[in-house]
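Okay, so here's the structure we're looking at.
The values are calculated or read from the model by the stated rules, or taken from the named source; none is laboratory data. On a predicted model such as this, the values are computed, not experimentally measured, just so you know. Note that each Cβ is placed from the backbone with ideal geometry, even for glycine, and that neighbours are counted across all protein chains shown.
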Amino acid sequence: KAGVTQTPRYLIKTRGQQVTLSCSPISGHRSVSWYQQTPGQGLQFLFEYFSETQRNKGNFPGRFSGRQFSNSRSEMNVSTLELGDSALYLCASSLSGRRDSPLHFGNGTRLTVT
Amino acid sequence: QQQVKQSPQSLIVQKGGISIINCAYENTAFDYFPWYQQFPGKGPALLIAIRPDVSEKKEGRFTISFNKSAKQFSLHIMDSQPGDSATYFCAASIKNRDDKIIFGKGTRLHILP
């Protein structure tokens, strides 16, 4: 079974631009969540989608948004990029979205904002 | 209240030694505690998980010890190997409407050959 696929692997953007990251979950997984990973803050939860509906949202500004499609694929968008948005963005899928259902992470998209 | 505090931030252990990573929490409503392991260039992967109704869970060389009264839990890696060098995240979740998992900030473990 194919794992979680995130594209692109690397992105370099300029401050003020916007960016869209893509995530394809494991086949059959209906829950997709997004995390921001930085050296100082660890893994910070952005949001979770289940069956195309946003179910949870972390404490990030409205510049961060996402969506999920009917095939469970998900996209995350960041508008008006800031230098502090430079991070590794991880997508994770799970079968049921239950908190004790293992999260299967992709290898991330490394975003650099200059 | 919703935080999980992880220590140490980094750890160096000799091959064959015991690696110990500690986590503490405040919210007694947390009732599921997974550990994730992340290798460089990869996403985290579930390593082992425990619920507070047991004090210890062992899987191979990896053991979670849980102290409910102290609100602490720890990961022990016995006979540590260079292949165990990775970043480890503890986490906790609470059964409520949100169902979110809260992660610690991670421990970078390096096993000396």
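Miscellaneous remarks
- Note on segment B:76-102: residues that are more than 19 Å from A:LEU103 (Cα to Cα) and among the aliphatic types (A, V, I, L, M) amount to 2.
- Residue count for segment A:60-114, restricted to those that are within 30 Å of A:GLY16 (Cβ to Cβ) and assigned to a loop (DSSP other than H, G, I, E, B): 15.
- Annotation note: Cβ proximity below 7 Å between a residue of segment A:88-113 that is at the interface with chain B (Cβ under 9 Å from one of its Cβ atoms) and over 14 Å from B:PRO34 (Cα atoms) and a residue that is buried (at least 21 other Cβ atoms within 10 Å of the Cβ) and of a type in the set (Ser, Thr, Tyr) (sequence gap 6+ or interchain) occurs for A:LEU90/A:TYR35; A:CYS91/A:SER74; A:ALA92/A:SER33; A:ALA92/A:TYR35; A:GLY97/A:SER31; A:GLY108/A:TYR89.
- Qualifying residue in segment A:2-17 (condition: β-branched (Val, Ile, Thr), under 23 Å from B:GLN38 (Cα atoms) and facing chain B (nearest Cβ under 9 Å)): yes
- Residue in segment A:66-85 that is within 24 Å of B:GLN3 (Cβ to Cβ), surrounded by fewer than 15 Cβ atoms within 10 Å (Cβ to Cβ) and without any contact (Cβ under 8 Å) to a residue 40 or more places away in the chain present: yes
- Segments classed as strands (runs of 3 or more DSSP E), wholly inside segment A:1-59, with at least 1 members that are among the β-branched types (Val, Ile, Thr) and surrounded by 17 or more Cβ atoms within 10 Å (Cβ to Cβ): A:19-24, A:31-38
- Test: residue in segment A:82-96 that is more than 15 Å from A:TYR35 (Cα to Cα), at pLDDT below 95 and not charged (D, E, K, R): yes
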